[in-house]
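The structure under discussion appears below in the form of structure tokens.
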Amino acid sequence: MKNKPKPDDRRDNVERIQENINMTIHNMELADEMIHNTDDEKMKKVLMEKNDRRRDALNGMRKEIRDEAIDRENGYK
């Protein structure tokens with residue numbers, strides 16, 4: 001029996017991406033709190049670097065959500 005691939009269902013992509021954006025922002029805020037509450041310079045550096053990567057990821061996710069929203073308006077053609 002051959003497995004058929006699932007059809008491309010993109011109806012929830014915008015919501016899923018938005019949830020990822022929200023969680024990334026939440027994680028950044030938690031990291032900022034940790035940065036302000038620790039005296040460990042190495043930990044501060046690690047957390048700041050993670051937040052830099054998260055900012056880059058947010059930019060990509062925001063672009064992706066715009067693209068998905070446009071595709072949704074156009075009927076996912």
query: Once both axes come from the Cα atoms, what is the angle between helix 41-73 and the longest principal axis of the chain, in degrees from 0 to 90, rounded to 10?
result: 20
Highest-fluctuation residue, Ile65, Ile21, Ile35 considered, GNM on the chain with Cα pairs under 10 Å: Ile35
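Using 1/(1 + (r/R0)^6) with R0 = 25 angstrom and r between the beta carbons of Val46 and Arg16, what's the FRET efficiency to the nearest 0.05? Before the final figure, lay out each step's value.
Working: r = 28 Å, r/R0 = 1.13.
The calculated FRET efficiency here is 0.30.
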message: For Ile70, project a label point 7 Å along Cα to C-beta. Then give me every residue of region 1-25 with its amide nitrogen under 14 Å of that point.
response: none
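For a quick check: sort Thr24, Thr38 by the number of other beta carbons within 10 angstrom, fewest at the front. Mind showing how you got there, number by number?
Values: Thr24 17, Thr38 12.
Listing Thr24, Thr38 from fewest to most nearby Cβ atoms yields Thr38, Thr24.
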message: Under the 0.36 nm per residue contour assumption, what length would be gained going from the current alpha-carbon distance of Lys4 and Arg54 to full extension?
response: 14.4 nm
statement: Helix 13-37 sits off the longest principal axis of the Cα atoms of the chain, rounded to the nearest 10 on a 0 to 90 degree scale, by 0
Dmax and Rg, reported as Rg then Dmax, of region 13-72 (C-alpha, Å): 14.1, 47
query: Mind listing which trypsin sites (Lys or Arg not before Pro) in region 23-66 are in a DSSP loop and have 14 or fewer other Cβ atoms within 10 Å?
result: none
task: May I ask you to derive the relative contact order of the chain, considering only C-alpha pairs under 8 Å and at least 6 residues apart, and to give it as an integer percent?
output: 42
message: Which of Val14, Val46 has the fewest other C-beta atoms within 10 Å, and how do the rest follow up to the most?
response: Val46, Val14
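Coordinate-derived values only; no laboratory data. If you're wondering where the values come from, they're calculated on a predicted model, not measured in any experiment. FYI the Cβ positions are ideal-geometry reconstructions off the backbone, even for glycines, and counts take in every protein chain you see.
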